[in-house]
Amino acid sequence: MSIELELPAPLAPAPQTIPARTAYDHVVLPGDFPDPTITKIGDTYWASATSAEWGAIFPLFSSKNLLDWELVGHVFPDRQPDWASSNFWAPEFHHENGRTYMYYTARSKQGGMLCVAVASADRPEGPYRDHGPLVGQEAGSIDGFAMPDENGDLYLVWKEDGNSCQQDTPIWAQRLNDERTALIGEATELFANDAKWEGPLVEGSALVRHNGWFYHFFAGNSCCGKGCNYATGVARSRSLLGPWEKHEQNPILDRNDVWKCPGHGTVTEMDGRWFLLHHAYLADSHEFVGRQGLLSEFTWNEQEWPEFVNRSPQAAPLTDVARLNVADEFEGDRLGLEWQWPISAPKPATELRGGQLHLAAGASRLGNLVARRTHVATYKAATTLDFASLPADTYAGIAAVGDPYNALALMAGNGQVQIWHVKSGLQQCLAQVFLDEPCDTLSLRLEVWGGQRYRFAFSTDGATWQPLPTESFSLNGTYLPPWDRGVRVALVAQGAEGNTAAFNNLIIRNKR
């Protein structure tokens with residue numbers, strides 16, 4: 001059955017001022033890709049980003065031109081490392097002697113502290129072998145970056161996460177062993193948050209050497225959510241261990257009318273041009289889509305400091321959002337790399353056969369789910385499920401998911417369709433409709449305006465839609481996104497272990 005979708009009318013857009021930009025100022029990782037990293041290996045650029053509480057962990061993208069990126073795999077494709085439980089943040093590449101290292105942050109199962117760890121591979125696309133934590137201070141250690149000093153000795157640079165306990169946030173450096181799997185010697189403090197604009201923290205170190213200077217790009221202040229005021233600064237030194245001089249013009253990259261809270265990026269170079277791959281919120285969609293990956297070009301001024309045009313991101317908002325539409329008919333033999341699942345539970349069992357996704361049901365809360373990132377805040381999403389084969393007391397449907405504890409879902413089962421409201425782990429049925437007659441397939445649709453207002457409908461023929469009655473025209477979904485993540489569209493199966501739900505498709509139609 002095909003599904004006919006009409007797009008929701010968008011909310012009135014906020015006024016935008018789009019400054020001058022270069023050909024390379026672009027949104028290159030649209031969707032929720034915070035803390036992006038980039039490196040060049042041979043003739044290919046590689047990128048990754050924070051995956052937080054979603055698997056697979058740390059996406060791997062490749063590109064020949066910095067603008068067009070292909071998702072080719074993940075550092076940890078099926079499960080998290082044995083030592084780590086959550087908070088998979090801030091991956092950073094380092095490549096030497098034909099080997100690729102990924103330094104990353106995660107929370108330890110033992111002791112619960114945030115640690116910087118490392119994995120390595122013979123090829124940048126993997127497979128990666130994890131080597132475990134390198135450092136985990138009492139306040140937490142995050143945002144590791146590997147950088148050779150002026151003598152060629154490799155150091156790990158990281159942030160002590162003092163803001164988590166109302167303390168300052170020193171940036172440390174300590175030498176790595178020859179195997180790059182342990183720290184040796186003593187740690188040296190490079191600098192801490194001591195400027196007004198930096199607020200409670202500096203973090204997100206990315207270093208590059210240029211004309212005899214070490215340049216240390218870093219982020220300051222609050223990263224995430226509605227009240228964020230993140231920005232990017234830079235410091236420089238003749239020696240990796242300092243002394244470091246912060247630029248008097250910091251922050252060198254700050255918000256404008258189009259993009260908010262730009263920060264936590266990594267530097268790369270192409271044909272003598274310099275770029276920072278960093279994240280920022282699009283002002284129109286903000287936390288509902290998440291922090292997107294932007295490429296921003298900079299130049300070196302006469303004083304040998306990096307300089308961005310208008311001290312802000314020059315990327316235009318995405319206009320051709322239709323190219324990011326989703327139409328997955330499950331024709332292959334496995335889910336595509338774009339699909340995700342919550343790492344708070346084991347990866348749900350899935351099977352593709354006969355043009356259907358068979359998703360194993362889960363009994364807890366919302367059930368088992370697989371999800372896709374959203375790219376805009378106004379869209380329609382729909383699925384058709386094999387309703388006749390759905391076991392008794394098993395529900396299947398489509399949901400807007402912040403995390404497994406916060407979701408709005410349209411679920412079908414036991415001859416009825418229901419809206420489930422899940423907030424802080426508490427689940428309510430807000431509306432239900434009993435189906436008059438049995439049907440073989442059932443289409444379910446959610447439509448979203450500005451990430452905030454939600455409507456739900458179902459169809460027995462894929463063309464005629466019946467909305468579910470609610471007390472108001474739409475339901476409020478402003479509670480959905482966590483502090484550090486965007487909303488996903490998910491397919492959900494809830495019921496006894498051993499039961500499955502069969503989905504024919506997932507369709508997402510984006511609207512500017």
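The values are calculated or read from the model by the stated rules, or taken from the named source; none is laboratory data. Owing to the predicted nature of the structure, the values given are computational and were not obtained by experimental measurement. Note that each Cβ is placed from the backbone with ideal geometry, even for glycine, and that neighbours are counted across all protein chains shown. Areas reflect the complete protein model, heavy atoms only, side chains present, ligands, DNA and RNA absent. Shrake-Rupley method; radii C 1.70, N 1.55, O 1.52, S 1.80 Å.
Just a few scattered comments:
- Cβ-Cβ contacts under 6 Å between residues 6 or more apart (or on different chains), taken from a first residue in the stretch 149-167 that is among the small types (G, A, S) to a second residue that is open to solvent by 50 Å² or more (accessible area, probe 1.4 Å), are listed as G162/D168.
- Among the candidates N211, N193, residue that is of a type outside the set (S, T, Y), open to solvent by 40 Å² or more (accessible area, probe 1.4 Å) and either closer than 16 Å to V267 by Cβ or in contact with a Ser or Thr (Cβ under 9 Å, 6 or more places away or on another chain) (or both): N211
- Residue in the stretch 412-422 that is assigned to a loop (DSSP other than H, G, I, E, B) and more than 14 Å from Q494 (Cα to Cα) present: yes
- In the stretch 239-262 there is at least one residue that is under 18 Å from Q314 (Cα atoms) and touching a His at 6+ places or on another chain (Cβ under 6 Å).
- Some residue of the stretch 475-486 being on the phi < 0 side of the Ramachandran plot, among the charged types (D, E, K, R) and within 29 Å of the chain's Cα centre (by Cα): yes
- Counting the residues of the stretch 381-412 that are open to solvent by 10 Å² or more (accessible area, probe 1.4 Å) and either touching a residue at least 24 places away in the same chain (Cβ under 8 Å) or under 20 Å from A52 (Cβ atoms) (or both) gives 12.
- Selection over the stretch 447-466 of residues that are open to solvent by 50 Å² or more (accessible area, probe 1.4 Å) and either out of contact with any Ser or Thr (no Cβ under 9 Å at 6 or more places or on another chain) or of a type in the set (D, E) (or both) gives a count of 2.
- Taking the numbered list (1) more than 25 Å from A121 (Cβ to Cβ); (2) in a strand (DSSP E or B) in turn, C223 passes all entries but (2).
- Test: residue in the stretch 176-188 that is farther than 22 Å from H247 by Cβ, assigned to a strand (DSSP E or B) and of a type outside the set (A, V, I, L, M, F, W, C): yes
- When A206, A182, A187, A219 are checked against the criterion of being within 26 Å of L154 (Cβ to Cβ), modelled with pLDDT of 95 or more and in contact with an Asp or Glu (Cβ under 7 Å, 6 or more places away or on another chain), a single residue qualifies: A219.
- Whichever residue in the stretch 349-358 is surrounded by fewer than 18 Cβ atoms within 10 Å (Cβ to Cβ) and not aliphatic (A, V, I, L, M) and, among such residues, is nearest to the chain's Cα centre (by Cα): E351
- V417 surrounded by 22 or more Cβ atoms within 10 Å (Cβ to Cβ), under 32 Å from the mean Cα position of the chain (by Cα) and within 23 Å of S285 (Cβ to Cβ): no
- Of all residues in the stretch 345-356 being part of a loop (DSSP other than H, G, I, E, B) and out of contact with any Gly (no Cβ under 8 Å at 6 or more places or on another chain), the one that is farthest from L506 (Cα to Cα): P346
- Among the residues of the stretch 196-213, the ones that are in a loop (DSSP other than H, G, I, E, B) and farther than 20 Å from G272 by Cβ come to 3 in all.
- Candidate set from the stretch 467-512 (those that are open to solvent by 10 Å² or more (accessible area, probe 1.4 Å) and small (G, A, S)); member that is nearest to V289 (Cα to Cα): S474
- For the stretch 278-285, the condition holds for at least one residue, the condition being that it is farther than 15 Å from I171 by Cβ and among the hydroxyl-bearing types (S, T, Y).
- The residues in the stretch 217-229 that are over 27 Å from N151 (Cβ atoms), touching a residue at least 12 places away in the same chain (Cβ under 8 Å) and either of a type in the set (A, V, I, L, M, F, W, C) or open to solvent by 20 Å² or more (accessible area, probe 1.4 Å) (or both) can be counted, and the count is 8.
- Matching strands (runs of 3 or more DSSP E) fully within the stretch 230-344 where at least 2 residues are open to solvent by 30 Å² or more (accessible area, probe 1.4 Å) and over 24 Å from F145 (Cβ atoms): 326-328
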